[in-house]
1. Between a residue in the range 31-45 that is open to solvent by less than 30 Å² (accessible area, probe 1.4 Å) and any residue that is not in a helix (DSSP H, G or I) and not acidic (D, E), which pairs come within a Cβ distance under 8 Å, given they are 6 or more apart or on different chains?
2. Among the candidates A48, A73, A41, single out the residue that is at pLDDT 90 or above, closer than 19 Å to G3 by Cα and not in a loop (DSSP other than H, G, I, E, B).
Amino acid sequence: MKGLTERQKEILSYITKYKEEHGVFPSLSEIARNFSFSIPAAHYALSAIEDKGYLSHEKGEHRAYLLSEKERANRENTSIPF
């Protein structure tokens with residue numbers, strides 16, 4: 001998988017934190033609002049993350065994202081120093 005840009009990492013982090021807090025993934029408009037993007041720009045950013053294999057989306061469904069197996073494993077194995 002190709003590496004993510006810093007901005008793409010921020011977006012992916014926002015998506016996963018939002019999912020943990022709310023139980024659903026954020027909508028495109030929520031992502032756009034959070035990052036001061038237009039909705040098309042948010043869609044383009046998500047498509048780029050998906051193209052790199054870190055996220056997938058079920059076409060035609062709202063909030064239907066899935067983290068890749070590799071991304072879920074990275075998040076589960078991340079340790080936080082105290």
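The values are calculated or read from the model by the stated rules, or taken from the named source; none is laboratory data. Note that this is a predicted model, so its numbers are computed, not measured. Backbone-built Cβ (ideal geometry, glycine too); neighbour counts: all protein chains shown. Note: accessible area is taken over every heavy atom of the protein model, side chains too, but ligands, DNA and RNA are not part of it. Shrake-Rupley method; radii C 1.70, N 1.55, O 1.52, S 1.80 Å.
1. I31/F37; A32/S38; A45/F37
2. A48
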